[in-house]
Amino acid sequence: MIAFNGERPYCHAHVDPLAGLRTPKDPPWDIYLTGTVFLDIIFTGLDSAPVRGTESWARGMGSSPGGVANMATALARLGLKTSLAAAFGDDHYGEYCWDALEQGEHIDLSTSRTVPGWHSPVTVSMAYEGERTMVSHGHEPPPEEPAPDCPPSARAAVAALTPGRPAPWIAQAASKGTRIFADVGWDDTGAWDLAGLPDLTYCEAFLPNAEEAMRYTGASSPRAAAHALTEHVPLAVVTLGAEGAYAVDGRTGQSAEVPAIAVEALDPTGAGDVFVAGFVMGTLADWPLDDRLAFAGLTAALSVQDFGGSLSAPGWSEIAAWWRRVQSVDDQDPAALQRYAFLESLLPEASRPWPLRRAIPTIGFGRTT
C-alpha cells in the first residue's frame, strides 16, 4: 500500500487524456451530466459534532458548487470536455455557482437554465474527525419541456439512478451512442430490487458501493456481488471503502482489484464522485481495467485530503505532485509504486497553472482572474 500524508498545491496543468483518440467526427462533448446543483457551505476545524443546545465555532469554512457540480468539476479537471444541464436560481447563490462552473471550470452550461424566483438549494456540511454531518434545504424546480437537442451528443454520460424513477434522457442518450456510467443512492423504499432500476439496461458500467451492491444482489460479499451484477450490466465496479475497489468486466471475464491509498482523510465529501470521474476518464482513454481502477482510487484519495466536494477534486497538477512526492518517500514499496507507473507518460513536467479560476472559498470575496 502506498502511504502519503503530504500537502498538495492548488494549481492546474492542462492535460488532454484523450488527445490521441480525438478525430474530427467526435461529438462536441466528452461527458454529459444532469442533476441538481447545490451551494455547499463547508465548516471545517470542528473538534466534534455539534452538541444540542450549544454553539460550535469552526476554525475555517469554504463555499463551492455542490451536488452534481462535484462530478462535473471532477471530470472537467481531468481534462474532459464536460456539459452540464441543471437548473440555477436567479439569486446570488445561483449566480455564484453558474460563474464558478462556467468561468472557473470551463464547464458547458448551454443546456442549463436560470429559473426566475427559485432559490438555490443549499447544503451546510460540518467536517470533523474524518466524518461529516450535513443539513440541506431546497425546492423542486418547475418542470420544463426538454430541448430538441437535449441531451447533447457526447462520448459518455454519468447518471445517478433513482429506484422506481426512470429518467427518459438516459435512453435518449444511449440511442445516440453515448456510453452510460451509473451510480445509485440508498434505496429508501427498502426494496433493493434491480427491476426498480430499469435504466440499468442502457448502462455500460454500474458503480455502487459494497453495501448497495450486496443488497441489490443478495450476495454475501462485495466481490460476489460484482460478479452477480454483470448479469445485468456489462461492467460492474464495487467500491470497498478502506479496502479499495473491485471490478468485473462481464464481456471478457476479466476482474481487477486495487487496494486503497493510505491518506489522512479530512472530509469524504464528493470522494465517490471523484472516483467515478477517474474511472470514466480511464475508460474513455481505453486504459486497462486495473489501471482505470487504480487511477479512480488515487483521485478519490487525493480528494479526501481537503475539505469540500468540488473544491477538493484533483487536477493533473495535484496528481503529478503526488506521484513525484511518493517516489521520494523512504522505504516506499516498489511494487506499490509500479502500480501507478502508467501515469508517468501523462503527467505534466512542471506544475504550470492552468488558465482558469477555481471556486473561491467565500462567496463574493477575493475574486481573481
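Every number in this text was worked out from the coordinates using simple rules, so none of it is lab data. In this text the structure is predicted, and so the values were computed from the model without any measurement. Positions of Cβ are backbone-derived with ideal geometry, glycine not excepted, and every protein chain shown enters the neighbour counts.
The three principal axes of the Cα atoms in segment 199-326 give end-to-end lengths of 40, 28, 26 Å, sorted in falling order.
Using DSSP H assignments, which helices in the chain have an axial alpha-carbon span of 15 Å or above and a mean Kyte-Doolittle hydropathy of -0.5 or higher? Span-like helices in the chain: 271-284, 289-303. With Cα atoms as the point set, the radius of gyration and Dmax of segment 16-75 evaluate to 19.4, 62 Å. With contributions of -39500 (n - 2.57) from each DSSP H run of at least four residues, the per-residue ellipticity at 222 nm computed over the chain stands at -7000 deg cm²/dmol. Here the average projected area of the convex hull drawn through the C-alpha atoms of segment 42-89 stands at 5.5 nm².
Overall, the chain carries a charge dipole of about 620 debye about its Cα centre when +1 sits on the Cβ of Lys and Arg and -1 on the Cβ of Asp and Glu, all other atoms neutral.
Around the amide H of Gly244, modelled in the peptide plane, lie the amide H atoms of Ala260, all under 5 Å away and 5 or more residues distant in sequence or on another chain.
In this structure, the amide hydrogen of Gln254, modeled 1.01 Å from its nitrogen in the peptide plane, lies closer than 5 angstrom to those of Asp249, counting only residues at least 5 positions away or on a different chain. Peptides 296-302, 331-337 ranked from most to least packed, by the mean per-residue count of other Cβ atoms within 10 Å: 296-302, 331-337.
Toward the positive end of the charge dipole of segment 45-135, with +1 on the Cβ of Lys and Arg and -1 on the Cβ of Asp and Glu, the farthest Cα among Val115, Gly94, Ala49 is that of Ala49.
With contacts taken as Cα pairs under 8 Å and at least 6 residues apart, segment 143-286 reaches a relative contact order of 15 percent.
The mean sequence separation of alpha-carbon pairs under 8 Å and at least six residues apart, normalised by the residue count of the chain, gives a relative contact order of 22 percent. Normalising the average separation of contacting C-alpha pairs (under 8 angstrom, six or more residues apart) by the number of residues puts the relative contact order of segment 141-187 at 45 percent. Take the Kirkwood radius over Cα pairs of segment 68-190, plug it into Stokes-Einstein at 10 °C and 1.306 mPa s, and you get 97 µm²/s for translational diffusion. Ordering His139, Cys203, Thr189 by Cα displacement along the dipole of segment 123-215 toward the positive end leaves Cys203 in first place; charges were set at the Cβ atoms of Lys, Arg (+1) and Asp, Glu (-1).
Per the Debye calculation on the chain with a single equal scatterer at every Cα and no solvent contribution, log₁₀ I(q)/I(0) for q = 0.11, 0.14, 0.15 Å⁻¹ amounts to -0.76, -1.30, -1.51.
Among Pro141, Pro27, Pro50, the largest mean-square fluctuation in a Gaussian network model of the chain, built with springs joining Cα atoms closer than 10 Å, belongs to Pro50. In order along segment 189-204, the Karplus-derived 3J(HN,Hα) couplings, from 6.51 cos²θ - 1.76 cosθ + 1.60 at θ = phi - 60°, round to 6, x, 6, 6, 10, 4, 5, x, 10, x, 6, 4, 4, 8, 8, 7 Hz, and Gly and Pro are given as x. Proximity of backbone amide H atoms, modeled 1.01 Å from N, is registered between Phe38 and Gly66, Gly67, Val68, Ala69 at under 5 Å, excluding neighbours fewer than 5 places apart on the same chain.
Taken over segment 163-260, the alpha-carbon convex hull comes to 94 cubic angstrom per residue. Place +1 on the Cβ of every Lys and Arg and -1 on the Cβ of every Asp and Glu in the chain, take the dipole about the Cα centre, and give the residue among Thr239, His106, Ser312 whose Cα lies farthest towards its positive end. The residue sitting most towards the positive pole is His106.
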